[in-house]
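See below for the structure under consideration.
Read the figures in this text as sums done on the coordinates, not as results from a lab. None of the values given here were measured: they were computed from a predicted structure. With ideal geometry, Cβ positions are generated from the backbone for all residues, glycine too; neighbour counts draw on all protein chains shown.
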Amino acid sequence: MFVGIDIGSVTTKAVIVNEKEKILAFSLIPTSYDRGKSGAEVLDLALGKIQKSEEGIKYIVSTGYGRRAFTSSDKVLPEIVCHAKGTNLLFPAVRTIIDIGGQDSKVMELDKDGGVVRFEMNDKCAAGTGRFLEVLTERILNLSLDELGPLALRSKQHCTLSSVCTVFAESEIISLLSEHKAQEDIAYGISKAIAKRVIGMGAGGQISYNEPIVFSGGVAKNIGVVKAIEEELGKEVITPKEPQITAALGAAIFAKEHAQL
């Protein structure tokens with residue numbers, strides 16, 4: 001067995017593959033203050049699903065924000081290359097990856113062999129991240145994140161947010177609510193704002209958005225944001241069945257390759 005551990009700012013993921021690069025098990029848990037403990041816990045959960053023990057593991061690669069905190073790994077790798085590796089395994093023709101996680105967003109351009117040509121990353125501001133959605137949806141609209149996407153799709157009179165700054169956008173939404181704007185129209189505006197922010201970030205880094213385009217990360221589970229990104233690009237976007245595990249999958253594939261060196 002070969003293992004990839006992705007310790008993100010919000011969620012920690014583990015993927016176990018065999019020598020044929022088939023996924024044997026995966027698990028996800030919220031990341032705790034103890035990053036190393038989160039890595040150990042998520043690995044135990046994945047092993048438990050297939051009733052295996054750590055003795056059967058040949059190599060572990062960790063990635064993500066907390067990758068160095070997980071001391072049981074044999075190697076640590078940057079999340080960008082792991083995202084590319086995992087996504088390329090699932091979608092061999094992929095040329096662009098949009099990944100929006102809890103506290104960062106990334107846009108990557110790949111060559112025909114799956115190598116990263118260039119990338120742009122926002123990791124110093126909540127704008128264009130899952131946190132942006134969480135704050136505006138749960139605190140201001142009093143909705144769960146699961147409700148936001150379907151609600152946005154029902155919008156008839158779209159609202160527009162002029163700011164992608166979380167603080168300023170919050171003020172805008174409060175003003176829209178005072179004007180009795182419908183929740184679904186505001187939900188659309190929030191989805192459109194995050195799409196504009198992320199697409200603009202990539203365009204600023206000279207990313208061409210060549211197809212196929214794969215949208216991963218926790219925010220890819222939000223159908224409102226998926227639609228907003230497709231509208232912004234004027235192109236179809238593919239979402240993996242499990243959009244949160246692509247980096248952990250890539251780390252697991254790297255683990256297999258390093259174990260064979």
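Would you mind ranking Thr11, Thr160, Thr239 so that the residue whose beta carbon has the fewest other beta carbons within 10 Å leads the list?
Taking fewest neighbouring Cβ atoms as first place, the list is Thr160, Thr239, Thr11.
Counting other Cβ atoms within 10 Å of each Cβ, which trypsin sites (Lys or Arg not before Pro) in segment 133-209 have at most 12 and sit in a DSSP loop?
Answer in residue order: Lys156.
Taking GluC sites (Glu not before Pro) that fall in a DSSP loop and have at most 12 other Cβ atoms within 10 Å as cut points, what is the longest piece of the chain between them?
Between exposed loop sites, the widest span is 20-178.
State the antiparallel share, in %, of DSSP beta bridges confined to the chain, rounding to the nearest 5.
About 65 percent, rounded to the nearest 5.
Please pull out the direction-averaged projected area of segment 94-239, using the convex hull of its alpha-carbon atoms, in nm² to one decimal place.
One quarter of the hull surface, i.e. the mean projection, equals 7.8 nm².
If you take the beta carbon distance between Lys241 and Ala203 as r and set R0 to 30 Å, what does 1/(1 + (r/R0)^6) give as a FRET efficiency, to the nearest 0.05?
0.60
Between Lys37 and Asn142, what length comes free when the chain is fully extended (0.36 nm per residue of separation minus the Cα-Cα distance, one decimal in nm)?
Result: 34.6 nm gained on full extension.
Just from the alpha-carbon atoms, what are the Rg and Dmax of the chain in angstroms?
So, for the chain, Rg and Dmax equal 18.8, 63 Å respectively.
Mind giving me the nanometre distance, one decimal, between the label points for Ile50 and Cys125, set 7 Å out from Cα along Cα→Cβ?
That separation, rounded to one decimal, is 4.2 nm.
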